[in-house]
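Taking it in order: structure first as structure tokens, then the write-up.
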Amino acid sequence: MPLKAAEIRGFQPIDTLYRKTDDKGLYLEIRPNGSKHWFLKYRIHGSEKRLSLGTWPEVSLADARERRDDARKKIREGDDPLHSRKMEKIRNRLSAGNSFQSVAEDLIAVRFVASQKAEATIEKARWYLSHLTPAIGPRPIDAIEPAELLVVLKKIEKAGKRETAVRTRAFASRVFRHGVAMALCKHDPAAMLGGALATPIVTHHAAVLEPHQLGEVLRSIDEYTGSIVVKIAMQLLPHVFLRPGELRQGKWTEVDFDEAIWRIPAERTKLRRPHSVPLSRQSLKLLKALREHTGWREYMFPAQSSLQKPMCENAMNAAYRRMGFGKDVVTSHGFRATASTLLNESGKWHPDAIERALAHGHSNAVRGAYARGQHWDERVAMAQWWSDYLEQIAIGGDVVSISAAALR
């Protein structure tokens, strides 16, 4: 006889489980601990199976019968509800690993960390991911539509960060392409959004290109009264043509004082190629002075907050601001443009030698400091000439002195 709702509460547990049958394969299982579970017994493809329908009283008799009828309908249509439930659990488990967040993290691990990209590059990738995570991070990557990604990018754009929006879209595109390669999604919705974002306004790093202005900046650096480590970093940067990140993350093991060479390993250069810097007498003097302060540490320019980390990327620019130079006048990266412009204008050096000094092409240090081809000798001479030139205009002499305020 079919069960009655009122009698279910009266079913008491005994030492062994027992069942109370309802109708059409539905039954209630009473266990020794007192719990009561609904099951549907059915046959499909010649096999007897049972499907859990929940526990009483969370699932009432009426609810259990409704679930039974739904399952029986699927069985009549040739579907096995128990198998479908197992597959749904598998899909849910897989989707947790197929989220945009997990695929992005795998991309960073494979294409950035394992490929030994510069730490700054890895941090930048994670920064782009941080813009995307709140909205689409938990979503299965194959379920993300272009429109929902566009909402995220437009929010960044409306905040006045056009360049960030464009680069975040490019990063998202890489994540989707990585997902396609792993058979986790079938297309790249970010690729469809290239024309939906405003074009960034191109700006260049501020650089001092007039000798008399450069002399004033160099004199102001020499008079800087802040951190001695930051001061020497600012003094050295114009001499060595390095990118600020390459300089501030420098390690003492990279400097050969005897051969007057600073060897930058491939993992720290933008082009992922080793690069050697010939050191002038002035550069060596600055490095020897710096060694008195940090030579016992790993990093040449350690952070003030932690000697185990390199100086922060904004330390030099912040010092320029305290010295009175606006960000539209002097930036740490701008000294590369300064060197490129004035060296080319001098007419004394082969353009390829200048390009290699700036690590724009294949470095002559690919084979270490022993490679003397590809303008190496010319670069050594150019480094000394440039340092002598900087020293001359810093002294003043015939250079017209102007105030930092006039530069702004």
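The values are calculated or read from the model by the stated rules, or taken from the named source; none is laboratory data. These numbers were taken from a predicted model, which means no experiment stands behind them. Glycine gets a Cβ as well: all are built from the backbone with ideal geometry, and neighbour counts include every protein chain shown. Ligands, DNA and RNA are stripped out before the accessible areas are found, and what is left, the full protein with its side chains, is counted by its heavy atoms. Shrake-Rupley method; radii C 1.70, N 1.55, O 1.52, S 1.80 Å.
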Scope segment 16-70; condition buried (at least 16 other Cβ atoms within 10 Å of the Cβ) and in a helix (DSSP H, G or I); matching residues: Leu61, Ala64, Arg65, Arg67, Arg68
Given the condition open to solvent by 60 Å² or more (accessible area, probe 1.4 Å) and closer than 24 Å to Thr338 by Cα, answer yes or no: does some residue in segment 186-201 qualify? yes
Unmet requirement for Gly245, which otherwise passes all of (1) surrounded by 22 or more Cβ atoms within 10 Å (Cβ to Cβ); (2) small (Gly, Ala, Ser); (3) closer than 28 Å to Arg272 by Cα: (1)
Residue in segment 173-181 that is touching a helix residue (DSSP H, G or I) at 6+ places or on another chain (Cβ under 8 Å), open to solvent by 30 Å² or more (accessible area, probe 1.4 Å) and in a loop (DSSP other than H, G, I, E, B) present: no
Yes or no: segment 72-81 includes at least one residue that is within 15 Å of the chain's Cα centre (by Cα), at pLDDT below 90, open to solvent by 60 Å² or more (accessible area, probe 1.4 Å) and farther than 30 Å from Ala196 by Cβ. no
Looking at this structure, is Arg167 modelled with pLDDT of 90 or more, in contact with a helix residue (DSSP H, G or I) (Cβ under 7 Å, 6 or more places away or on another chain) and not small (Gly, Ala, Ser)? yes
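To keep it simple, each residue is scored yes or no on (1) among the aliphatic types (A, V, I, L, M); (2) on the phi > 0 side of the Ramachandran plot.
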{"site": "Ile221", "(1), (2)": "yes, no"}
{"site": "Pro238", "(1), (2)": "no, no"}
{"site": "Phe241", "(1), (2)": "no, yes"}
{"site": "Lys251", "(1), (2)": "no, no"}
{"site": "Asp258", "(1), (2)": "no, no"}
Restricting attention to segment 351-381, and to residues there that are open to solvent by 80 Å² or more (accessible area, probe 1.4 Å) and modelled with pLDDT of 50 or more, which single residue is nearest to the chain's Cα centre (by Cα)? His360
Starting from segment 15-35, take each residue that is within 15 Å of Leu51 (Cβ to Cβ) and touching a residue at least 24 places away in the same chain (Cβ under 8 Å) and list its partners that are open to solvent by 90 Å² or more (accessible area, probe 1.4 Å) and not aromatic (Phe, Trp, Tyr), counting only C-beta distances under 6 angstrom and pairs at least six apart or across chains. Gly25/Lys41
If we scan segment 82-90, do we find a residue that is under 22 Å from the mean Cα position of the chain (by Cα) and either modelled with pLDDT of 85 or more or surrounded by 15 or more Cβ atoms within 10 Å (Cβ to Cβ) (or both)? no
Would you be able to say whether some residue in segment 263-276 is of a type in the set (A, V, I, L, M) and over 28 Å from Arg111 (Cα atoms)? no
Whichever residue in segment 261-319 is among the small types (Gly, Ala, Ser) and assigned to a loop (DSSP other than H, G, I, E, B) and, among such residues, is surrounded by the most Cβ atoms within 10 Å (Cβ to Cβ): Ser280
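Please count how many residues of segment 40-61 are closer than 23 Å to Ser84 by Cβ and touching a helix residue (DSSP H, G or I) at 6+ places or on another chain (Cβ under 9 Å).
Residues in segment 40-61 being closer than 23 Å to Ser84 by Cβ and touching a helix residue (DSSP H, G or I) at 6+ places or on another chain (Cβ under 9 Å): 11 in total.
Scanning segment 105-157 for residues that are part of a helix (DSSP H, G or I) and in contact with a Cys (Cβ under 9 Å, 6 or more places away or on another chain), which turns out surrounded by the most Cβ atoms within 10 Å (Cβ to Cβ)?
Here the residue is Ile141.
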